[in-house]
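The structure appears below as structure tokens.
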Amino acid sequence: MASGLYLKATGLVYGDTARQATAAGQAGLLAGGSVAFTSLEVIEGTPGECRKALRAYSDLNASDEPETRVALGAITAPRAAIGTLALEQPRIMGVVNVTPDSFSDGGLHATADAAIIHARELAKEGADILDIGGESTRPGSDPVSAKDEAARVLPVVEGLNGTGPLISVDTRKSTIMEQAANAGANILNDVSALTHDPVSLKVAAQSGLSVVLMHAQGDPKTMQDDPTYENVLLEVFDYLAGRIAACEAAGIDRTRIIADPGIGFGKTLEHNLALLQGLSLFHSLGVSLLLGVSRKRFIGMLTGEDDPRARGPGSIAAALAGISQGVQLVRVHDVAAMRQALTIWSAVNR
């Protein structure tokens, strides 16, 4: 998409309405999925100064303007499977923190045996992917050495081979990425979008694995000190578009890339809400989308719930808000509850 042109799908419809509108040429499908859109907000300019106009899908679909055609094609193209995991329906990534200091479950699964047991329970509850992390990236957290992180993560990856779900490794370090790939991981999930470690782009490219690129303003230690944006939605979009281009230049095919807007990573409550309200914009990136909202601080700020482990209902509501905008993957702690909620959402909306 040309710089300065953004298309955000609006007028979202579901079920029979989506099928009928699509068949009539009045709507397109977000990423080839089941959520359809009948209109688009056309945004032109820069994050600091832009103008907006609402256009019907049928109008833009009839356009012969090359930039518009490319952008619309990126929004509607079906997303590639992650390994053997097709993305025609929303998928659940279960969180497995092998850490003493994660914000909501630090210390609960801090040994390899405990983490493996927990991960197998998440698999039984319906997780499609298990995300293994050995370094907390909560606000204010301190970095962990590669040696300590490897000791936490690698035995769990090895112990989960053959469990069923795909294995994702949540790390910013190229050495952990390489070792995890050799141990059988399927996905590399980097909160720094492969910028923290200068070797990570090369290692990710050589691994052949799918990669998650997440937006964060600043590093975990200081990212919540004073996050500022002119237009958080457009700035996060531009950052992710730039990281996708860098990955492609390094030899990582776009079909292997997943984008994450990074809820809670260098964002205020207002920034998080703006991103959640505008998630459909990110389909213009032409890659699969991951949303991580589980138990996060903004839920506590809205509800007054200080205990992260008591934020399950809010977490599910936020995840379903993303799924309603066509997000393909949601990263959650409470897999059983999310699976039940997703089953009902799918039955009602499909």
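The values are calculated or read from the model by the stated rules, or taken from the named source; none is laboratory data. What you see is a predicted model; the values in this text were computed from it and never measured. Reconstructed Cβ throughout: ideal geometry from the backbone, glycine too, with neighbour counts over all protein chains shown.
Counting just the residues of the stretch 332-347 that are part of a helix (DSSP H, G or I) and touching a residue at least 40 places away in the same chain (Cβ under 8 Å), which one comes out surrounded by the fewest Cβ atoms within 10 Å (Cβ to Cβ)?
Here the answer is Ser346.
Output the residues belonging to the stretch 150-166 that are assigned to a helix (DSSP H, G or I) and within 17 Å of Ala114 (Cβ to Cβ).
Result: Ala151, Arg152, Val153, Leu154, Pro155, Val156, Val157, Glu158, Gly159, Leu160.
Looking only at the stretch 68-102, how many residues end up being within 19 Å of Ala36 (Cα to Cα) and of a type in the set (Asp, Glu)?
Number of matching residues: 1.
Take Pro220 and decide whether it is more than 18 Å from the chain's Cα centre (by Cα), assigned by TED's automatic domain parsing to the domain that holds Glu135, in a loop (DSSP other than H, G, I, E, B) and not acidic (Asp, Glu).
Working: more than 18 Å from the chain's Cα centre (by Cα): no; assigned by TED's automatic domain parsing to the domain that holds Glu135: yes; in a loop (DSSP other than H, G, I, E, B): yes; not acidic (Asp, Glu): yes.
The answer is no for Pro220.
Of the residues Val169, Val203, Val212, which single one is crowded, with 18+ Cβ neighbours inside 10 Å, in a helix (DSSP H, G or I) and either assigned by TED's automatic domain parsing to the domain that holds Ala250 or not charged (D, E, K, R) (or both)?
Val203
Is it the case, given these coordinates, that Pro143 is of a type outside the set (A, V, I, L, M), surrounded by fewer than 22 Cβ atoms within 10 Å (Cβ to Cβ) and closer than 25 Å to Gly264 by Cβ?
So Pro143 passes the test.
Only residues in the stretch 177-192 that are in contact (Cβ under 8 Å) with a residue 40 or more places away in the chain count as the first member; pair them with residues that are of a type in the set (S, T, N, Q), Cβ under 6 angstrom, at least 6 apart or cross-chain, and list the lot.
What qualifies is Ile187/Ser168; Ile187/Ser210; Asn189/Ser168; Val191/Thr137.
For the stretch 64-95, give me each residue that is in contact with a strand residue (DSSP E or B) (Cβ under 9 Å, 6 or more places away or on another chain) and modelled with pLDDT under 95.
As a first pass, look at the stretch 64-95 and keep what is in contact with a strand residue (DSSP E or B) (Cβ under 9 Å, 6 or more places away or on another chain): 67-68, 71-72, 74-76, 78-80, 82-85, 87, 90-95.
Selection gives Glu67, Thr68, Ala71, Gly83, Thr84.
Regarding Glu235, is this residue at pLDDT 95 or above, part of a loop (DSSP other than H, G, I, E, B) and in the same structural domain as Gly133 (by TED's automatic domain parsing)?
It is false that Glu235 is at pLDDT 95 or above, part of a loop (DSSP other than H, G, I, E, B) and in the same structural domain as Gly133 (by TED's automatic domain parsing).
Would you pick out the residues in the stretch 172-193 that are touching an Asp or Glu at 6+ places or on another chain (Cβ under 6 Å) and either part of a helix (DSSP H, G or I) or of a type in the set (Asp, Glu) (or both)? Break it down into steps so the answer makes sense when it comes.
Start the filter on the stretch 172-193 by keeping residues that are touching an Asp or Glu at 6+ places or on another chain (Cβ under 6 Å), which leaves 172-174, 176, 183, 189.
Those that are touching an Asp or Glu at 6+ places or on another chain (Cβ under 6 Å) and either part of a helix (DSSP H, G or I) or of a type in the set (Asp, Glu) (or both): Ser174, Ile176, Ala183.
Do you know which of the residues in the stretch 56-84 that are touching a residue at least 12 places away in the same chain (Cβ under 8 Å) and of a type in the set (D, E, K, R) is nearest to Pro165 (Cα to Cα)?
Arg79
Can you tell me which residue within the stretch 172-200, out of those that are among the β-branched types (Val, Ile, Thr) and surrounded by 24 or more Cβ atoms within 10 Å (Cβ to Cβ), is farthest from Leu240 (Cα to Cα)? Spell out how you get there, then give the answer.
Looking only at the stretch 172-200, we keep the residues that are among the β-branched types (Val, Ile, Thr), and these are 175-176, 187, 191, 195, 199.
Now narrow it down to the ones that are surrounded by 24 or more Cβ atoms within 10 Å (Cβ to Cβ): 176, 187, 191.
Values: Ile176: 23, Ile187: 18, Val191: 12 Å.
The extreme case among them is Ile176.
Within the stretch 11-32, how many residues are buried (at least 17 other Cβ atoms within 10 Å of the Cβ) and either at pLDDT below 95 or of a type in the set (S, T, N, Q) (or both)?
The qualifying residues number 2.
So in the stretch 113-149, with the set limited to residues that are among the hydrophobic types (A, V, I, L, M, F, W, C) and more than 24 Å from the chain's Cα centre (by Cα), which one is farthest from Gln328 (Cα to Cα)?
Ala146
Ile244 - would you say it is within 23 Å of Ala119 (Cα to Cα), at pLDDT 95 or above, in the same structural domain as Val211 (by TED's automatic domain parsing) and in contact with a helix residue (DSSP H, G or I) (Cβ under 7 Å, 6 or more places away or on another chain)? Please lay out each step first, then the result.
On the way: within 23 Å of Ala119 (Cα to Cα): no; at pLDDT 95 or above: yes; in the same structural domain as Val211 (by TED's automatic domain parsing): yes; in contact with a helix residue (DSSP H, G or I) (Cβ under 7 Å, 6 or more places away or on another chain): yes.
So Ile244 fails the test.
What is the one condition in (1) crowded, with 16+ Cβ neighbours inside 10 Å; (2) under 23 Å from Leu320 (Cα atoms); (3) assigned by TED's automatic domain parsing to the domain that holds Asp238 that Glu121 does not satisfy?
(1)
I'm trying to understand the selection: among the residues of the stretch 1-54, which are out of contact with any strand residue (DSSP E or B) (no Cβ under 7 Å at 6 or more places or on another chain) and within 21 Å of Arg91 (Cα to Cα)? Break it down into steps so the answer makes sense when it comes.
If we filter the stretch 1-54 for residues that are out of contact with any strand residue (DSSP E or B) (no Cβ under 7 Å at 6 or more places or on another chain), which is where we start, we get 1-3, 14-17, 19-20, 23-25, 31-34, 46-49.
Answer for the stretch 1-54, where residues must be out of contact with any strand residue (DSSP E or B) (no Cβ under 7 Å at 6 or more places or on another chain) and within 21 Å of Arg91 (Cα to Cα): Tyr14, Gly15, Ala31, Gly32, Gly33, Ser34.
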